[in-house]
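The values are calculated or read from the model by the stated rules, or taken from the named source; none is laboratory data. The structure presented is a predicted model; accordingly, all values stated were derived computationally and were not measured. No Cβ is skipped: glycine too gets one built from the backbone with ideal geometry, and neighbour counts run over all protein chains shown.
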Amino acid sequence: MTERVRIEIDPLGVAEVCLVRAEKMNALDPLMFRELVAALATLRDRAGLRAVVLHGEGKAFCAGLDMASFSAMAGSGGQEAAAVPGASDLGARTHGLANMPQHIALGWRELGVPVIAAVHGVAFGGGLQLALGADIRLLSPDTRLSVMEIKWGIVPDMAGHVLTRGLVRDDVLRELTYTGRLVAAEEAVAIGLGTRLCDDPLAEARTLARAIAERSPSAIRAAKRLLNLAARNGDGSAAALLQAESDEQIRLMGGPEQQEAVRANLERRAPRF
């Protein structure tokens, strides 16, 4: 079977997840959807995981849906769709609150450890939503992004409306969604679609992931839970978030990892977690 997603995990617990359909600019076809679901399941259950780097092989991060592939799938009477859980019924909640295509992007945000997307070339449509699922998006200066679904007469439906909440100003997001215009990397960072520009996003993502991997794993996971809760809470009551802060801190304070962090700082050495 043709490989679409490759996973490598180093001794520090940093996973690299690479889209490997370079000849199609890593466009999302049914097989890539299945393999991304499998990758998320593998990483969710992986003991010792500290961070994830998500990137694409070749000249692009991800050009979005492979519309030719999905058109052929529709013309086959839905036989291939049946092999992709959730693809034939977008209304089905196959992954908690999400359907399968939404899970492909939202699943990275729900993963217990930080995910860093190294984005180069293009991130269009579903590819942009995939990148938005990451905690951090590092862009090469020549990257172009687009909420491209309107070109095909559809709307973003891979959790994009959830993932852009709090990132992009409402009127700016509306303009991008209504027009599908291309956004250059510098503007993408300015409006919140990207975190920062890097001459070599993949090298920088690897460096950042390893720096995260050297921190207390329990504290990193707790921080991600709190940040996710804050993003979901929006303008709602602060009570749940304040309580969650206290609960997480109580679990961390005095634990073996927190004690090691204190000792390492006092002894001016790298911590051993």
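A single member of ARG196, ARG269, ARG263 is surrounded by fewer than 14 Cβ atoms within 10 Å (Cβ to Cβ) and touching a residue at least 12 places away in the same chain (Cβ under 8 Å), and it is ARG196.
Entry remark, segment 129-170: residues being surrounded by 17 or more Cβ atoms within 10 Å (Cβ to Cβ), of a type in the set (Asp, Glu) and outside any helix (DSSP H, G or I) number 1 in total. Within segment 233-250, is even one residue surrounded by 13 or more Cβ atoms within 10 Å (Cβ to Cβ), closer than 30 Å to SER146 by Cβ and not acidic (Asp, Glu)? Scanning segment 233-250 turns up at least one residue that is surrounded by 13 or more Cβ atoms within 10 Å (Cβ to Cβ), closer than 30 Å to SER146 by Cβ and not acidic (Asp, Glu). Among residues of segment 158-176 that are under 20 Å from ARG232 (Cα atoms), those with a beta-carbon under 6 Å from a residue that is at pLDDT 95 or above and surrounded by fewer than 19 Cβ atoms within 10 Å (Cβ to Cβ) at least six positions away or on a different chain give the pairs LEU167/GLY192; VAL168/ILE191; VAL168/GLY192. Looking only at segment 117-137, which residues are in contact with a His (Cβ under 9 Å, 6 or more places away or on another chain) and of a type outside the set (Gly, Ala, Ser)? Selection gives VAL119, HIS120.
The residue of segment 11-28 that is surrounded by the fewest Cβ atoms within 10 Å (Cβ to Cβ), among those that are in contact (Cβ under 8 Å) with a residue 24 or more places away in the chain and more than 15 Å from VAL122 (Cβ to Cβ), is LEU12. In the set LEU173, LEU193, LEU202, only one residue is in a loop (DSSP other than H, G, I, E, B) and assigned by TED's automatic domain parsing to the domain that holds MET148; that residue is LEU193.
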